[in-house]
1. Would it be correct to say that residue 164 is charged (D, E, K, R), at pLDDT 90 or above and surrounded by 12 or more Cβ atoms within 10 Å (Cβ to Cβ)?
2. Could you grab me the full set of residues in segment 152-190 that are farther than 24 Å from residue 62 by Cα and assigned to a helix (DSSP H, G or I)?
3. Taking only pairs six or more apart or across chains, which ones have beta-carbon atoms under 6 Å, a first residue in segment 91-108 that is within 9 Å of residue 32 (Cβ to Cβ), and a second residue that is surrounded by fewer than 17 Cβ atoms within 10 Å (Cβ to Cβ)?
4. Quick check: is even one residue across segment 5-23 at positive phi, out of contact with any Pro (no Cβ under 6 Å at 6 or more places or on another chain) and either of a type in the set (Gly, Ala, Ser) or assigned to a helix (DSSP H, G or I) (or both)?
5. Would you check if there is a residue in segment 56-68 being surrounded by 15 or more Cβ atoms within 10 Å (Cβ to Cβ), farther than 21 Å from residue 121 by Cα, out of contact with any His (no Cβ under 6 Å at 6 or more places or on another chain) and without any contact (Cβ under 8 Å) to a residue 60 or more places away in the chain?
6. Would you be able to say whether some residue in segment 137-151 is part of a loop (DSSP other than H, G, I, E, B), out of contact with any strand residue (DSSP E or B) (no Cβ under 9 Å at 6 or more places or on another chain) and modelled with pLDDT of 90 or more?
7. Can you tell which of 103, 126 is of a type in the set (Gly, Ala, Ser), over 20 Å from residue 7 (Cα atoms) and surrounded by fewer than 19 Cβ atoms within 10 Å (Cβ to Cβ)?
8. Looking only at residues in segment 75-92 that are assigned to a strand (DSSP E or B) and of a type in the set (A, V, I, L, M, F, W, C), which one is surrounded by the fewest Cβ atoms within 10 Å (Cβ to Cβ)?
Amino acid sequence: MLADVAGHDAAAAETAEWIQQQLPALASLAPGIAVSHLNAKLVGHLERAALEGPAFATGLWGVIDAGEQTLTLSNFGHPNLLSVDQGSLPLDSGLPIGILDRGISYPQQTFRLRDLGGRVLAYTDGITEQFGADGHMFGPDSLLELFRRSRTEPLAEAVRRMDRELTAYRGEALVKDDQTILGIDLLAQA
């Protein structure tokens, strides 16, 4: 799971920690069902905790089937996944979790990794919404271009290079949001 909790205060930190603690109990469920359960539990938790300020999260919950070479995802209000071959993959999306609990269901989609070029990237909006020294945002197109240039590099090196290039783009500008990149690579079988 890759998630991004709204806010940068104690309530956001507590919500992120609470979500992380719930994951093991939901790990055996299909992504859409897991997210539906997590949402219901989070709404109840937030009502009991009476946190100040909004507390919700966007994210992607995914399961990789190595044998079938598939990725099944449920998107809860998060940016699209990037494919090295197909670009930005439009994902069916549910609401962010923690907002409503009235029978909310979350869609899930299954992708064959080979059809996506064997390499995909998930990220938080802090990457694409990073401002540079020139006052312009990095943007999803810049991230996709950077990702595509990495197609022949080992994934770990590609992610390190993306981080270096984002740092160079930012220059002296402040980092105002968390920045997370999660890459998935289909390796050739021996």
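1. Details: charged (D, E, K, R): yes; at pLDDT 90 or above: yes; surrounded by 12 or more Cβ atoms within 10 Å (Cβ to Cβ): no.
Judged against the criteria, residue 164 is not a match.
2. Answer for segment 152-190, where residues must be farther than 24 Å from residue 62 by Cα and assigned to a helix (DSSP H, G or I): 161, 164, 165, 166, 167, 168, 169, 170.
3. Partner pairs satisfying both residue conditions: 107/92.
4. Step one: filter segment 5-23 for residues at positive phi, giving 7.
Next, from what is left, pick out any that are out of contact with any Pro (no Cβ under 6 Å at 6 or more places or on another chain): 7.
Adding the requirement that they be either of a type in the set (Gly, Ala, Ser) or assigned to a helix (DSSP H, G or I) (or both) leaves 7.
Yes, segment 5-23 has at least one match.
5. Of the residues in segment 56-68, the ones surrounded by 15 or more Cβ atoms within 10 Å (Cβ to Cβ) are 56-63.
Still in the running and farther than 21 Å from residue 121 by Cα: 56.
Applying the additional criterion that residues be out of contact with any His (no Cβ under 6 Å at 6 or more places or on another chain) yields 56.
Pick out the ones that are also without any contact (Cβ under 8 Å) to a residue 60 or more places away in the chain and you get 56.
Within segment 56-68, one or more residues are surrounded by 15 or more Cβ atoms within 10 Å (Cβ to Cβ), farther than 21 Å from residue 121 by Cα, out of contact with any His (no Cβ under 6 Å at 6 or more places or on another chain) and without any contact (Cβ under 8 Å) to a residue 60 or more places away in the chain.
6. Of segment 137-151, the ones part of a loop (DSSP other than H, G, I, E, B) are 138, 150-151.
The next check asks that each one be out of contact with any strand residue (DSSP E or B) (no Cβ under 9 Å at 6 or more places or on another chain); those that pass are none.
No.
7. Values: 126 fails: over 20 Å from residue 7 (Cα atoms).
Result of the check over 103, 126: 103.
8. Of segment 75-92, the ones assigned to a strand (DSSP E or B) are 75-77, 81-83, 87-89.
After this cut, where a residue has to be of a type in the set (A, V, I, L, M, F, W, C) as well, the list is 76, 81-82, 89.
Details: 76: 28, 81: 25, 82: 23, 89: 15.
Among those that are assigned to a strand (DSSP E or B) and of a type in the set (A, V, I, L, M, F, W, C), it is 89.
The values are calculated or read from the model by the stated rules, or taken from the named source; none is laboratory data. Just so you know, these numbers come straight off a predicted model, no measurement behind them. FYI the Cβ positions are ideal-geometry reconstructions off the backbone, even for glycines, and counts take in every protein chain you see.
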